[in-house]
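Novice: The structure under discussion is supplied below as structure tokens; questions concerning it will follow.
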Amino acid sequence: MVQDREQWSSTLGFILASIGSAVGIGNIWRFPYIVGVNGGGAFLVPYVISVLLFGVPLMMLELAIGRSTGKSVVSAFQSIHRRFTFAGLIIVAVVSLILGYYLVITGWVLAYALSFIIGQPMAFDMFTDSYLPLIFFLLSGLTVFVTVRSGVRKGIERASRYLIPVLIAILLFLVAFSLTGPGALEGVRFYLLPDYSRLADPGVWTAAFGQAFFSLSVGMGILLTFGSYLRKESLFRSGIIIAAADTLIAILAGLIIFPLVFTSGLDPAAGVNLAFVTLPSAFIRIQFGMMLGALFFLMLFAAALTSAVSMLEVPVAALMDSYDCPRRRATLLVVAAIMLLGLPSALSYTALKFSVFGMPFLDLADYVFGTIGLIAAALIVAIVGGWFMNRIRICAEIGGCGWRQRVYMALIRYGVPAVLLVTLAGSLLRGAG
Ligand code: PHE
């Protein structure tokens, strides 16, 4: 018997779930520091261009494939042509591998939130010299398991309905607090003062492309899967709302981080250490720091959780569609597999210090799966969808075959793959260098 496919309860629910997917650790921690090291405010130019010209068209393509086939990524690709089944499986594999280490970081965030709540913030070294990160990895796995197991409406949609408004409220409160601190203006200047000469550097452009695709969660079959639970809403309008919310939240996050860092006289260029080393020590130094730290990490946890949930839905839906497996069983199987995949990353930041080529395994996973794998997956989606799916069918989903749709199709078929190839080359060079 074919089961009725679940649907979102409303357009708002779908949009909130997609914002939940897009807004993640990447917005709050990665975006601000990438802006900081890539020309400050000037970086917003290539970033907004990447989002609008490449991110949004790819988002719409994914939603269109999902809605028109009514299936998740493997079955949808299979219905475009049997030979694309394997391509669909690659995407499922990449998302699962990313989720494995994303849950490790989600666990760190949860641990930090709790440590601030009980008023005992931890040093990153001490935390990762224990086995606590492993426990928190299991806890974050358990949380996403419970959420996705409950279904599209009762799990994924409901989580975002509660968590996204809370996230935005905390964000605005922290921005207001941070901007009124002494020396805050210095931080804003460091963050946003444009250095347009940096735009001549191709590295700044590939950084913008990479960050835009990562931040919007496109090219991973997530929006494709989400699209398969959609009915009639305008994909263009939804896409723009999701992209705008994602970008705005990322920009605001920088307005929390940099003023705080400057107020406490710390180093703004800490890069990767920014969230787990620099910021906690900023919170320790300022008034109400414990409360602010707790709020900050709770916000980050909400962001990470809704992203992780959306990633988990990709393999779960694939298993349900391909084998007619009930959701509960599919979720259990997939989470068990993902915890195993994430285990080496989790262990790499414990007393065991599991490393490969002298690099913590998690850092390697972030590079191989989260950077290279993600770009490769997006390339597959753009090519299979843009070149092999019936164009009329896509147009029907995105509002007819007018000039606007022609422009999107051209962007998807030529622009997006070209940009992804350049970004791939840039990332490979950086990895080799
Ligand atoms: N977009 C999420 C973030 O900004 C991360 C993510 C990447 C989520 C890929 C899903 C897929 O953190």
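Novice: Calculate the spin-label point distance for ALA169 paired with VAL48, positioning each point 7 Å from the Cα along the beta-carbon direction, and give it in nanometres.
Specialist: 3.1
Novice: For Cα pairs less than 8 Å apart in space and 6+ apart in sequence, what is the mean separation divided by the residue count of region 317-433, i.e. the relative contact order in percent?
Specialist: 19
Novice: A further question follows. I want to verify a result. In a Gaussian network model of the chain, Cα cutoff 10 Å, which of these has the top mean-square fluctuation: ALA93, ALA376, ALA200?
Specialist: ALA200
Novice: Once you've got the GNM for the chain with C-alpha springs shorter than 10 Å, pick whichever of PHE388, PHE236, PHE213 has the biggest mean-square fluctuation.
Specialist: Most flexible of the set in this elastic network: PHE388.
Novice: Distance in nm between label sites at ARG5 and ALA200, each 7 Å beyond Cα in the beta-carbon direction?
Specialist: Taking the simple label geometry, ARG5 and ALA200 are separated by 5.1 nm.
Novice: Can you compute 3J(HN,Hα) from phi for each residue in region 241-248, using the Karplus curve 6.51 cos²θ - 1.76 cosθ + 1.60 with θ = phi - 60°, rounded to whole Hz and x for Gly and Pro?
Specialist: Once θ is set to phi - 60°, the couplings for region 241-248 become 4, 5, 5, 5, 4, 4, 5, 4 Hz.
Novice: Could I ask something else about it? So if the hydrodynamic radius of the chain is defined as the Kirkwood radius over C-alpha pairs, what does Stokes-Einstein give as its diffusion coefficient at 20 °C and 1.002 mPa s, in µm² per second?
Specialist: Calculated translational D: 99 µm²/s.
Novice: Run the reach check for LYS232 against aspartates and glutamates, Cα to Cα strictly under 14 Å, same-chain hits fewer than 8 apart removed. What comes back?
Specialist: By straight Cα distance, LYS232 reaches GLU397.
Novice: Tally Lys and Arg at +1 and Asp and Glu at -1 over the other residues with C-beta under 11 Å from the C-beta of ALA382: what net charge comes out?
Specialist: 0
Novice: Can you tell me the length gained on complete extension of the stretch ARG430 to ARG406, counting 0.36 nm per residue apart and subtracting the Cα distance?
Specialist: Stretched fully, the ARG430-ARG406 segment lengthens by 5.2 nm.
Novice: What does the helix-only formula give at 222 nm for the chain: each DSSP H stretch with n ≥ 4 adding -39500 (n - 2.57), the total divided by the residues, and the result rounded to the nearest 500 deg cm²/dmol?
Specialist: Per the formula, -22000 deg cm²/dmol.
Novice: Tally Lys/Arg at +1 and Asp/Glu at -1 over every other residue whose Cβ is under 12 Å from the Cβ of GLN7; what's the total?
Specialist: That sum, taken over residues with Cβ under 12 Å, equals +1.
Novice: Restricting things to alpha carbons, tell me how big region 283-433 is in terms of Rg and Dmax, in Å.
Specialist: Gyration radius and largest Cα-Cα distance of region 283-433: 20.8, 60 Å.
Novice: List the relative contact order of region 16-165 as a percent without decimals, with contacts defined as Cα pairs under 8 Å and 6+ residues apart.
Specialist: Once divided by the residue count of region 16-165, the mean separation gives 24 percent.
Novice: So if we plug the beta-carbon distance of ARG237 and ASP129 into 1/(1 + (r/R0)^6) with R0 = 45 Å, what FRET efficiency do we get, rounded to 0.05?
Specialist: Using R0 = 45 Å, I get an efficiency of 0.35.
Novice: List, in order, the whole-Hz ³J(HN,Hα) value for each residue of region 32-43 obtained from phi through the Karplus relation with A = 6.51, B = -1.76, C = 1.60 and θ = phi - 60°; use x for Gly and Pro.
Specialist: Rounded to whole hertz, the list is x, 6, 5, 4, x, 8, 10, x, x, x, 4, 4.
Novice: What FRET efficiency comes out for the pair PHE288/ARG83, r = Cβ-Cβ distance, R0 = 60 Å, nearest 0.05?
Specialist: Calculated value: 0.55.
Novice: May I ask for the longest run of the chain untouched by trypsin sites (Lys or Arg not before Pro) that are loop-located per DSSP and have at most 14 neighbouring C-beta atoms (other than their own) within 10 Å?
Specialist: Values: sites that count: ARG5, ARG231, LYS232, LYS353.
Between the exposed loop sites, the longest stretch runs 6-230.
Novice: Next question. If the elastic network links every pair of Cα atoms under 10 Å, which of ILE25, ILE118, ILE222 fluctuates the most in the Gaussian network model of the chain?
Specialist: Fluctuation is largest for ILE118.
Novice: Remind me, relative contact order of the chain in percent, using alpha carbon pairs under 8 angstrom and six or more residues apart?
Specialist: Over the chain, the number comes to 34 percent.
Novice: Extension gain VAL356-LEU139, at 0.36 nm per residue separation less the Cα-Cα distance, in nm?
Specialist: Contour length minus Cα-Cα distance gives 75.6 nm.
Novice: Got a sec to turn the phi values of region 105-118 into Karplus ³J(HN,Hα) couplings, 6.51 cos²θ - 1.76 cosθ + 1.60 with θ = phi - 60°, whole Hz, x for Gly and Pro?
Specialist: 5, 4, x, 4, 4, 4, 4, 5, 4, 5, 5, 6, 4, 7
Novice: Measure nothing but the geometry: give the 0 to 90° angle between the long axis through the Cα atoms of 132-149 and the longest principal axis through the Cα atoms of the chain, rounded to 10°.
Specialist: Approximately 30 degrees, to the nearest 10.
Novice: So, with +1 on the Cβ of K and R and -1 on the Cβ of D and E, and no other charges, what is the size of the charge dipole of the chain about its Cα centre, to the nearest 20 debye?
Specialist: 1240
Novice: What whole number of Å gives the distance from the Cα centroid of region 84-149 to the Cα centroid of region 391-433?
Specialist: The distance from the Cα centre of region 391-433 to that of region 84-149 comes to 31 Å.
Readers should treat all values here as calculations from the given coordinates under stated rules, not as data from a laboratory. Computed from a predicted model, the values in this text were never measured in an experiment. Cβ sites come from the backbone with ideal geometry, for glycine too, and all protein chains shown count toward neighbours.
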